[in-house]
Every structure is written in structure tokens, then in C-alpha cells.
């Protein structure tokens, strides 16, 4: 049986798994579905068409599923879809999408720290960490295992690649390629996210190839497509192919400024 605090308000049409916990002064609306093992603390608001998976923990004051802060939104039916094993800390806001049938999506095993904002139509992968007070504009995409440090504003339609790390107080207005370490305002790429890759079990050979790719892309210079072709010629590695495919798919352009040791 769901453990719902008597001071919580849960609409009769909401669907909660039997062992979901709901704290005091929380509101859960009629179109919400929540999977088993999820714990929701006090003063949380979940409304609209929201699907939350299994074994998530949602802390005090979070707001999920409210209408987007988007002048194009006209009240259409849209969603927030959240996977399993996510940790959503205090006062995180996650808005539903703009567009009929569209969704703001968050995968599995993510850690959203206090005051993070996920705007409409964002797609967050899995195993992503977004630190305190970072703000994602509409349609931002964050790939698996990316790490955003604190107080990072991310411009709408921007992408953060897999295993990339963005330093605190950085302003992201172009795509950050996978596996790279970026920081600053204006944003610069300082090399490969070596520490993160080692922690996740990447081989020394793969890291070496990615370092060579960084040198081609950021230190040698030249036309972008020629750099990408040179990267592919380094070896037959999935990571190199993903890096090149990510860059070729960029619509806003990638961060191309190299960092300097004295920055």
C-alpha cells in the first residue's frame, strides 16, 4: 500500500505503485503515474501528464510537469517522462514539453542537484550529473555520463556530448563535443576529460586516441571537415566515430576555442 502522508493531496486518478512514499504538503495531479520504490518528500508538486519510473527519490520543493516557460506553448497535451533510479534534489524544476505529444525526457541513474532547471523538450540521457543551480534552456540535449558543474547556463538547442565535463560558472552557447573538458566564458575546450574516462574504465589506448583527436581538432586547426576525416583515420574506435558523428550533426556549431594553461 502506498504510504501517503495525511497532509498530502493525491488526486484519485493518479496512479501510484503500492510502495510509493509521499510526504506532507505534496500535490500529485490526476494524470501522474509513479513507479514502485519511488520516494517523494514534502512540498513537492507534480502535475500534468507525468510518468516517473521506479526507485527515484524526489526531494523537498521540487516541481515537475508544470507548463513550459515558452511563448509558443498553447496548452497542448505534452509530457514529462522520467526513468528509474534518479536523484532529484531540492527545488529542481522540470517543465513539460511544447508541442502536442512531445516530451521532456530524463533517463536513468541521473543526479540533479538543488535548484537545477530542466526546461521544455530537454532530453537528458543516463548517468548524468548536473550540479547546483545549473539551468538548461529549451530543447537542450545531454548525452550519457556528462557532468555539468554548478551555476552553468546552457543555451536552448545546445548539446552536451557523452562523458564531457563542463566547469562551474561556464556559459554554454555551442555544442560541447563528447569526451572533452570545457570551461569558461567564453567557453573553451581544455582537453580530454581524462579523469572521468579513467573512472569509467576507458582503456589507455582509447584515451590516447581521444587526445590525438583533441590535438587535431583544437591545436592543429584547419577546415573542420578535414579535421574530422583525420580523426577517423586515427583508428577504428567507436569513440572516434561517435565524436565525429556528434560534430557533424551539430546545428549550433561546436565550441572550437582551445583553452590555454594561463586561462
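The values are calculated or read from the model by the stated rules, or taken from the named source; none is laboratory data. The structure displayed is predicted, hence computed values, not measured ones. Because the Cβ atoms are built from the backbone with ideal geometry, glycine has one as well, and the counts that use them run over all protein chains shown.
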Original post:
Taking region 111-125 only, how many residues are crowded, with 24+ Cβ neighbours inside 10 Å and within 11 Å of the chain's Cα centre (by Cα)?
Top reply: 5
Subject >> Residue in region 224-247 that is surrounded by the most Cβ atoms within 10 Å (Cβ to Cβ), counting only those that are out of contact with any strand residue (DSSP E or B) (no Cβ under 7 Å at 6 or more places or on another chain) and closer than 22 Å to residue 171 by Cα >> reply: 243
Original post:
Within region 134-143, is even one residue farther than 30 Å from residue 29 by Cβ, outside any strand (DSSP E or B) and either in contact (Cβ under 8 Å) with a residue 24 or more places away in the chain or touching a helix residue (DSSP H, G or I) at 6+ places or on another chain (Cβ under 9 Å) (or both)?
Top reply: yes
Subject >> Index of the failed condition, residue 201 passing every other in (1) more than 20 Å from the chain's Cα centre (by Cα); (2) in contact (Cβ under 8 Å) with a residue 24 or more places away in the chain; (3) over 27 Å from residue 138 (Cα atoms) >> reply: (2)
Original post:
Applying the selection to region 145-161, what residues are out of contact with any helix residue (DSSP H, G or I) (no Cβ under 7 Å at 6 or more places or on another chain) and closer than 18 Å to residue 253 by Cα?
Top reply: 153, 154, 155, 156, 157, 158, 159, 160
Original post:
Of the residues 28, 88, which single one is more than 23 Å from the chain's Cα centre (by Cα) and either modelled with pLDDT of 95 or more or more than 27 Å from residue 131 (Cβ to Cβ) (or both)?
Top reply: 28
**OP:** Working carefully through the options 255, 192, 176, find the one that is within 25 Å of the chain's Cα centre (by Cα) and without any contact (Cβ under 8 Å) to a residue 40 or more places away in the chain.
**Re:** 192
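Here is a yes/no grid of residues against (1) over 19 Å from residue 123 (Cα atoms); (2) crowded, with 21+ Cβ neighbours inside 10 Å; (3) in contact with a helix residue (DSSP H, G or I) (Cβ under 7 Å, 6 or more places away or on another chain); (4) touching a residue at least 24 places away in the same chain (Cβ under 8 Å):
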| position | (1), (2), (3), (4) |
| --- | --- |
| 18 | yes, no, no, no |
| 25 | yes, no, no, no |
| 38 | yes, yes, no, no |
| 88 | no, yes, no, yes |
| 91 | yes, no, no, yes |
**OP:** Working only within region 134-154, note down all residues that are under 19 Å from residue 104 (Cα atoms) and more than 13 Å from the chain's Cα centre (by Cα).
**Re:** none
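Output the number of residues of region 208-223 satisfying the condition of being over 16 Å from residue 175 (Cβ atoms) and in a helix (DSSP H, G or I).
If we filter region 208-223 for residues that are over 16 Å from residue 175 (Cβ atoms), which is where we start, we get 208-212, 215-216, 219-223.
Checking which are in a helix (DSSP H, G or I) leaves us with 208-212, 215-216, 219-220.
Looking only at that region, the number is 9.
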Original post:
Can you tell me which of 118, 106, 124, 129 is within 24 Å of residue 259 (Cα to Cα) and in contact with a strand residue (DSSP E or B) (Cβ under 8 Å, 6 or more places away or on another chain)?
Top reply: 129
Original post:
Looking only at region 150-170, which residues are out of contact with any strand residue (DSSP E or B) (no Cβ under 6 Å at 6 or more places or on another chain) and without any contact (Cβ under 8 Å) to a residue 24 or more places away in the chain?
Top reply: 151, 169
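Checking the conditions here, which among 77, 90 is assigned by TED's automatic domain parsing to the domain that holds residue 44 and within 20 Å of residue 30 (Cα to Cα)?
Values: 90 fails: within 20 Å of residue 30 (Cα to Cα).
That would be 77, the only listed residue that is assigned by TED's automatic domain parsing to the domain that holds residue 44 and within 20 Å of residue 30 (Cα to Cα).
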**OP:** Answer yes if at least one residue in region 191-205 is farther than 30 Å from residue 115 by Cβ and buried (at least 18 other Cβ atoms within 10 Å of the Cβ), and no otherwise.
**Re:** yes
